[in-house]
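What follows is a short report on a single structure.
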Amino acid sequence: MTSRIWCWRITASRRSALSIAEADGAVAVPSYVRVIEIFEGAGRLDRQVEGLAGNQELLRRAQEGHGLTRPELAVLLATAKLALQDAIEHSDIAKDDALKPDLHAAFPAAMRERFETAIDEHRLRGEIVATKLANRIVNRLGIIHPFALAEEEGCSLGDLASAFVIAERLFDVRRLWDAMDATAMPEAARLGLLGQIARGMRAQIADILRNLPVGTMPDAGVKALEKGVGALAEKVKALLPEEAARRVAGIRDQLAAQGAPAEIAERVLGLVELDGAVGLALLSGKLGVDEIAVTKAFTRLGEELGIDWVQSAASRADPADPWDRLLMSGVARDMQQVRLDFLAHAKKDADAHVTAWLNRQAARITQFRALVARARAAAAPSTAMLAELASQARGLLAR
């Protein structure tokens, strides 16, 4: 029971999670309704007991411009943590070396020095790690992202938690969160930074889930990726495609307007800039070629076809309907995956592979680019428009 009580402890990060959820406002209500349905389906939530309104009432409120109340969000926050905690306890994550710091942090420094082995073998190791990790995932990513991601990727919550730890360590996100907590800034800036990190982490977690084998533990996942991702991180500014650079510049301007400290904002933007690094790092390892060469071929393919714009437009889309959100998120990830799948057929020279294909498919590429140009000319590209472009891109690259 003690580990359950810890989930309810009021902390600064929990207050931030509630503030982020509250700031989501009316536009996020359909997504919260879906989360409520997931909790109900799992037998974790009783609306009458918790005082939560029915779907129609919540959606009517959203149409009037009102989001969920703070007490309602607090119920969902606690339920989300308990759901993740149970999933982590029933997985092997707690036994992984990557989670030892979480286990040891639960004990005083003097005990850690004298009883390290005893702590590692603690009979409540699973419960302690599960509580800490579940709290951190929900406090930092919010209520919606973990469960939307699990549904989108068709993965277990245990696998999602493992991917979260891999991304957290790979991109040094815990130190970024700690720096934010220790820095004075306007509340709007703090919420803006937290929101951007959550979106960046969601993209990285999705890539990890798609590219690493099911059941990969955090320590093994980090070891498989750190060399390749590190190499890309060193050159990311020079490798960034034009469309991605525009997107990053827009986020930079937005954070500056909110009053975010420049140094922290740049670290957050680094996470956004490295979107796609996981797949590229793994592909370069499989091909046995330089990460930079593979990335340049990947970027060239996206720019020649115009699918960089499709991916960026899908990433920026924020539809209220949960089904449209799933679709747009899938389009954004697929525009990366189809290029990775294409380049996987290259031998040692990825750029030559791209050049040969571009020459063979010149007529079809011209036709596809014309379709992309029509979409770009629209005032606001629709979900159907981007989904159709993604479908045609998949078909084109499969030829």
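The values are calculated or read from the model by the stated rules, or taken from the named source; none is laboratory data. Just so it is clear, the structure is predicted and the values come from calculations on it, not from any experiment. A quick note on method: Cβ atoms are made from the backbone with ideal geometry, for glycine too, and the neighbour counts reach across all protein chains shown. The area values use the complete protein model at the heavy-atom level, side chains included, leaving out ligands, DNA and RNA. Shrake-Rupley method; radii C 1.70, N 1.55, O 1.52, S 1.80 Å.
Could you tell me how many of the residues in region 211-260 are in contact with a helix residue (DSSP H, G or I) (Cβ under 6 Å, 6 or more places away or on another chain), in contact (Cβ under 8 Å) with a residue 60 or more places away in the chain and under 22 Å from residue 334 (Cα atoms)?
The qualifying residues number 8.
Could you check how many residues of region 252-269 are assigned to a helix (DSSP H, G or I) and either among the hydroxyl-bearing types (Ser, Thr, Tyr) or open to solvent by 20 Å² or more (accessible area, probe 1.4 Å) (or both)?
Total meeting the criteria: 10.
If you go through region 341-399, how many residues are open to solvent by less than 80 Å² (accessible area, probe 1.4 Å), over 19 Å from residue 293 (Cβ atoms) and not in a helix (DSSP H, G or I)?
The qualifying residues number 5.
Working only within region 275-290, note down all residues that are open to solvent by 20 Å² or more (accessible area, probe 1.4 Å) and not in a helix (DSSP H, G or I).
Matches in region 275-290: 275, 288, 289, 290.
Starting from region 96-110, take each residue that is more than 14 Å from residue 174 (Cβ to Cβ) and list its partners that are open to solvent by 20 Å² or more (accessible area, probe 1.4 Å), counting only C-beta distances under 6 angstrom and pairs at least six apart or across chains.
Hits for this filter: 96/217; 96/219; 97/219; 103/125; 104/112.
Quick one: which of 78, 106 is among the hydrophobic types (A, V, I, L, M, F, W, C) and assigned to a helix (DSSP H, G or I)?
Residue meeting the stated conditions: 78.
Just checking: which of the helices (runs of 4 or more DSSP H) contained wholly in region 111-221 hold 3 or more residues that are under 18 Å from the mean Cα position of the chain (by Cα) and surrounded by 15 or more Cβ atoms within 10 Å (Cβ to Cβ)?
Those helices (runs of 4 or more DSSP H) span 125-141, 144-153, 157-170, 173-181, 187-211.
Assuming residue 89 fulfils every condition listed in (1) over 23 Å from residue 33 (Cβ atoms); (2) open to solvent by 60 Å² or more (accessible area, probe 1.4 Å); (3) modelled with pLDDT of 90 or more apart from one, which condition is it?
All conditions pass for residue 89, except number (2).
Can we say residue 302 is touching a residue at least 40 places away in the same chain (Cβ under 8 Å), on the phi > 0 side of the Ramachandran plot and surrounded by 15 or more Cβ atoms within 10 Å (Cβ to Cβ)?
So residue 302 fails the test.
Residues 34, 70: which one is of a type in the set (Lys, Arg) and either open to solvent by less than 60 Å² (accessible area, probe 1.4 Å) or more than 23 Å from residue 325 (Cα to Cα) (or both)?
None of the other options fit; the residue is 70.
What about residue 198, is it at pLDDT below 95, within 28 Å of residue 95 (Cα to Cα) and of a type in the set (A, V, I, L, M, F, W, C)?
Yes: the conditions hold for residue 198.
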